[in-house]
Amino acid sequence: MKPEPSPTAGNSFKNVKEVEANAKSRMEKALTDLQHAMGSIRTGRASVSIFDNLKVDYYGTPTPLNQLANLHVPEPTMITIQPWDVSQIGAIDKAIRASDLGLNPANDGKIIRVPIPAPTEERRKEIVKRLHNVAEDHRVALRNIRRDANEHLKKLLKDKAISEDEERRALDEVQKMTDAHISKIDAASKTKEKEILELK
C-alpha cells in the first residue's frame, strides 16, 4: 500500500476531535485495504476460479466449463464438477487433462473430482514472504497517518487552539489508536500465514 498523501495537507483542523476522527477514518481505510490485499494472495486452497478460462468442446463449440456444470469446493484440496448433461463428462475430463493446469481429474460417470495438490514448501515460503511485505506496507501507512495527526496537533498547540495538556492527551490517544490498528494487522497477518502453512 502506497502511503496515501494526507488529505488534510493544507487543511487546518479546529480541534483535537477533528484530528482524531480524521486519523481514525484513515486508519480504518488502511485496514480495509489490507483485507483486500490479503484476499488476493493465493493460499493454494482449491478455488473454482482456476477453471475460469477453461473451454470444453460442447458439440463442436468451445464452451466455458461453468456453463456446462456446477463447480464446488467440498474441501480445501478438492474441486467437484457436476455436469448438467452427464453425456458431457468425457469431454470435460478431456478438457481438464489437455489444459496446462497440471491437474488429474477422476470421474465415476456422474461427477468429476479434481484433487488440487497443496503448494510445495518453497512456494509456501514465497507466499508468506509476500504476505509479510503487504502487512509491513500497511504498518508504514499507519505510522504515516500517526505522524500527520501529530503534526496537526502540534500546529493546534502553536496556534494556541489547545493547551499543552490537551496536546499531550491527544498525542497519547493517537498512539493508542495506532497501536490498536497495528495489532489488528499483526493478528490478520498471523491468521493468514497459519492458513498458508497448514494447508495439507
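Every number here is computed from the coordinates shown, using simple stated rules; none is lab data. Owing to the predicted nature of the structure, the values given are computational and were not obtained by experimental measurement. Cβ coordinates were reconstructed from backbone atoms using ideal geometry, including for glycine residues, and neighbour counts include every protein chain displayed.
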Please work out, to two decimal places, the log10 of the ratio I(q)/I(0) at q = 0.16 Å⁻¹ from a Debye calculation in which every Cα of region 62-156 carries one identical scatterer.
-> -0.77
Could you bin all the Cα-Cα distances of region 18-63 into 5 Å bins starting at 0 and give me the percent of pairs in each, rounded to whole numbers?
-> 5, 16, 12, 12, 10, 10, 9, 8, 7, 5, 4, 3, 1, 0
Put a dot 7 Å past each Cα toward the Cβ at N70 and K94; how far apart are the dots in nm?
-> 2.6
Note, region 76-85: 3J(HN,Hα) by Karplus (6.51, -1.76, 1.60, θ = phi - 60°), whole Hz, Gly/Pro = x, goes x, 10, 9, 10, 10, 10, 10, x, 6, 10
Per the rule of 0.36 nm per residue minus the C-alpha distance, extending E164 to K129 adds in nm 8.3 nm
Distance between Cα centroids, region 168-200 to region 100-162: provide it in whole Å.
-> 12
Taking the Cα-to-Cβ direction at K14 and at D179 and moving 7 Å from each Cα, how far apart do the two end points lie in nm?
-> 3.2
Among the Cα-Cα pairs of region 96-142, the proportion with separation greater than 13 Å, in percent, is 70
Along each of the three principal axes of the Cα atoms of region 48-115, give the extent in whole Å, ordering the values from largest to smallest.
-> 33, 24, 17
Which one of R139, R123, R45 has the biggest mean-square fluctuation once the chain is modelled by GNM with Cα springs under 10 Å?
-> R123
Write down the Å³ per residue value for the convex hull defined by the alpha carbon atoms of the chain.
-> 143
Would you grab the residues whose amide H sits under 5 Å from the one on A69? Only those 5+ places off in sequence or on another chain, please, with H modelled 1.01 Å from N.
-> W84
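Using helices alone, I'd like the mean residue ellipticity at 222 nm for the chain: each DSSP H run of four-plus residues gives -39500 (n - 2.57), total over residue count, nearest 500.
Using -39500 (n - 2.57) per qualifying helix, the result is -19000 deg cm²/dmol.
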Under 5 Å from the placed amide H of I162, counting only residues 5+ away or on other chains, we find L157
Would you work out the relative contact order for the chain, in percent, from Cα pairs under 8 angstrom that are 6 or more residues apart?
-> 29
